[in-house]
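Worksheet: one structure, shown below.
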Amino acid sequence: MKHKAKTNAVRIMESMGIDFRLEEYEVDPSDLSAQAVASKVGLPLRQVFKTLVLKGDKTGHLVAVIPGDKELDTKALAAESGNKRVELVNLKDLQPLTGYVRGGCSPVGMRKQFPTYVDQSAREFPFVSVSAGLRGLQVLIAPEDLIRACSGKWASIAR
């Protein structure tokens, strides 16, 4: 199916023949939280996943996709990704690095393909919600299709 919003993420998922649905919502620039997104798209917070971009001390940049109601377990992600430690990239580096802005960062279709780790709790749902690459636009996608679209790996990285 063709979608009107053509973000990199949408183009990639369409070209891969992945089934997904787009959900638009009103953006409040003062509240870009997963909680706000979940209430606007009508899903439980644990089904709305946030995309975090980090830098590992050994491997360089990487991506973590975790449920909105959890925090990233940086020690678990570091161990999973072959790093001693990982830290979030500076906000000013997000757009030049990924092509996406805070609140609109999709794990699919970044400027460069970084190793991506999706918290395995996503498997509990028939579909999860992640950013489609634009503030105010979420993609509802089956967890296995998300893994395929972002060349991701399952990991226990949320607490």
Checking PHE125 against (1) surrounded by fewer than 21 Cβ atoms within 10 Å (Cβ to Cβ); (2) in contact with a Lys or Arg (Cβ under 7 Å, 6 or more places away or on another chain); (3) over 27 Å from PRO29 (Cβ atoms); (4) not polar (S, T, N, Q), only one condition comes out false. Which one? (2)
So LYS2 passes all but one of these: (1) at pLDDT 95 or above; (2) over 17 Å from the mean Cα position of the chain (by Cα). Which condition number does it fail? (1)
Mind checking whether some residue in segment 28-36 is without any contact (Cβ under 8 Å) to a residue 60 or more places away in the chain, farther than 19 Å from ALA142 by Cβ and surrounded by 17 or more Cβ atoms within 10 Å (Cβ to Cβ)? yes
Answer yes or no as to whether SER39 is under 18 Å from PHE127 (Cβ atoms) and polar (S, T, N, Q). yes
Is it the case that segment 75-94 has a residue that's part of a strand (DSSP E or B) and of a type outside the set (A, V, I, L, M, F, W, C)? yes
Among the strands (runs of 3 or more DSSP E) contained in segment 98-153, which hold 2 or more residues that are closer than 21 Å to VAL86 by Cβ? 116-119, 128-134
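The values are calculated or read from the model by the stated rules, or taken from the named source; none is laboratory data. In this text the structure is predicted, and so the values were computed from the model without any measurement. Reconstructed Cβ throughout: ideal geometry from the backbone, glycine too, with neighbour counts over all protein chains shown.
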